[in-house]
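Below is one structure; the comments refer to it alone.
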Amino acid sequence: MTALLASAQQRPNIIVIVADDLGYGDLSCYGAQRVSTPTVDSLAARGVRMTNMHACASTSTPSRYALLTGCYPFRKSGTDVAAGNAGMIITPTQTTVADLLKRAGYATAAIGKWHLGLGSATGRQDWNGQLDQSPQDLGFDYHYLMAATADRVPCVYVENGRVVNHDPAAPISVSYRSNFEGEPTGKTHPQLLTKLKPSHGHDQSIVNGISRIGYMKGGGKALWRDEDISDSIMAHAIRFIARHKAEPYFLYLCTNDVHVPRMPHERYRGKSVMGLRGEAIMQFDDAVRQLVSYLRQEGLDRNTLLILTSDNGPVLDDGYADEAIPLAGDHQPGGPWRGGKYSAFEAGSRVPCIVYWPEAVTKGKRQDTLCSHIDLAATLAALVGVSTEENEAPDSRNSLATWLGRSAKPRDYAVSMASNRSLSLTTQRYKYIPPSKGGPLITWGPRIETGYSPEPQLYDLKHDAQERHNMAGSKPHVLQRLRRIMETLTR
Ligand code: NG6
Ligand code: CA
């Protein structure tokens, strides 16, 4: 490894692109046929395409929590899908990937979807002034963020702890409890839903002709237009790189695509047979194109380590009537895997992941070795030569050689948390889902199998990618081994 790194210029720039709800089967380099992602495919062709990368959860907040802290989300309460007025879920005393890279002299930024809370306390943020805590307390020198998701208020960008384009004529109030007097909602004023209607939930405050989760008043000029979110995120990402191209930098770049409400820019509209969801995937690919072309133009791409992945598995109807289900046709957003977002089955956490770094990576490699997002912190720390204390990124292990396609050494197991907080373990061969409460299907709208069962489940992923044949009874030794790992982990 040392020789490898010596051959590359020391300290590459690092960009981690995290897509939202992009499934294993949503990219053409992973087999999608009804949508094409030429830019991501070209990175895969010249980088490492991982087929066995696991997010640590099948929803966003806990998945991102693990990615940034190297600590499993089940260890901390309050790591479930966060409201838009949640206080910061990672505490400033915790060490993040950004903290570690700062120690190595990196300029650091978080841009795009955040969904890890802002300010020190839930519901107490001053959206009209300076937030009292922000990612600047988590090692990020700069941030330009959506507080949560596009379907949650407040529908504004926050830059370095302040609402961007704050409009003094329209002071912002946010509540996740009750509406503000006289404010229309999707429920009371469906005639104002000019762009998209909810299919379930999402019937509260209306911004840009789309109703959301949560209540918001004001905003005025600061309110986003969904069609411009991707461009806005990418413009800020490129501006950050332009400012820091002379020094090593770390960019945590989170797209809003392909989360709901899917409302891509007009230039993609009508371009996909899969409708808005397909167009959101096209917009994602094009965002990556904008970034990579800029890096090439500036001669920066050879010494940039770019990791592209998704926070959790896919969902078609996630609460808006965007026709994702009928227009999907035979598209399999989860690829060969069963389940989807929220689920304990594989498609919940088996995510696409491409590692691109022209100077150091094994080109065009397909990496089938078991990997987990949890290792990002230790892997990047090792790459830049920073050592971690025992309490820092406690669950994270250096997997650099594997991620660069130089080794086939798998993790012993990958842990992931479903939306009911139950855990599952994947090994290179098997999948263990302990008994958990909850019915076989998501109850609130999305048509997704949960994978929950009162019985222990054990699947041989090598021969049963679809998790159909429970071997818990026929492979007692394997079951016992995985059960023990789980017990030790959660003790
Ligand atoms: C769910 C939302 C869904 C999505 C999800 C979080 C409803 C009915 N559904 O509660 O639309 O926002 O939370 O997605 O409100 S995530 O990718 O950010 O985890
Ligand atoms: Ca997500």
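The values are calculated or read from the model by the stated rules, or taken from the named source; none is laboratory data. Every value quoted in this text rests on a predicted model; they were computed, and no experiment measured them. For neighbour counting, all protein chains shown are included, and Cβ atoms are generated from backbone atoms with ideal geometry for every residue, glycine included. Note: areas computed on protein heavy atoms with side chains; ligands, DNA, RNA excluded. Shrake-Rupley method; radii C 1.70, N 1.55, O 1.52, S 1.80 Å.
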Spatially proximal lysines relative to K437 (Cα-Cα < 21 Å; intrachain offsets below 8 disregarded): K76, K341
V163: net charge of surrounding residues, Cβ under 11 Å, Lys/Arg +1, Asp/Glu -1, itself excluded? -1
Selection from Q94, L380, A287, by position along the positive dipole direction of the chain (Cβ): L380
Quick one: which residues, 5 or more positions from D301 or on another chain, have an amide H under 5 Å from its amide H? H modelled 1.01 Å from N in the peptide plane, none for Pro or chain starts. R296
Please list 3J(HN,Hα) in residue order for the range 420-435, calculated via the Karplus relation 6.51 cos²θ - 1.76 cosθ + 1.60 where θ = phi - 60°; whole Hz, with x for glycine and proline. 8, 6, 6, 9, 9, 10, 10, 10, 4, 10, 10, 10, 10, 10, x, x
Which whole-Hz couplings ³J(HN,Hα) result when phi for each residue of the range 148-154 is put into the Karplus expression 6.51 cos²θ - 1.76 cosθ + 1.60, θ = phi - 60°, listed in order with x for Gly and Pro? 10, 9, 5, 8, 10, 6, x
Could you order the peptides 185-191, 13-19, 400-406 from most to least packed, using the average number of other C-beta atoms within 10 Å per residue? 13-19, 400-406, 185-191
Just from its helices, what would the mean residue ellipticity at 222 nm be for the chain, if runs of 4 or more DSSP H residues each count -39500 (n - 2.57) and the sum is divided by every residue, rounded to the nearest 500 deg cm²/dmol? -6500 deg cm²/dmol
Sparse-neighbour loop sites [GluC sites (Glu not before Pro); the range 157-244; at most 16 other C-beta within 10 Å; DSSP]: E181
With a 1.4 Å probe and all protein chains left in place, how much accessible area per residue does the chain have, in Å²? 37 Å²
So for the chain, using the alpha carbon gyration tensor with a ≥ b ≥ c as root eigenvalues (a/c under 1.5 gives rounded; past that, a/b versus b/c decides prolate or oblate), I'd call it rounded
Among the lysines, which fall within straight-line cross-link reach of K217, defined as a Cα-Cα distance under 18 Å, with same-chain neighbours fewer than 8 residues apart omitted? K187
Quick check on the chain: of the DSSP beta bridges with both residues there, what percent are antiparallel, nearest 5%? 50 percent
Amide H neighbours of H166 at under 5 Å, excluding residues fewer than 5 places away on the same chain, with H built from the backbone geometry, are none
I'd like to compare 377-385, 453-461, 65-73, 409-417: which one has the highest average count of other Cβ atoms within 10 Å, and what's the full order after that? 65-73, 377-385, 409-417, 453-461
For A109, the net charge from surrounding residues (Cβ-Cβ under 12 Å; K, R +1; D, E -1) works out to +1
Can you order the peptides 23-33, 462-472 by their average number of other Cβ atoms within 10 Å per residue, highest first? 23-33, 462-472
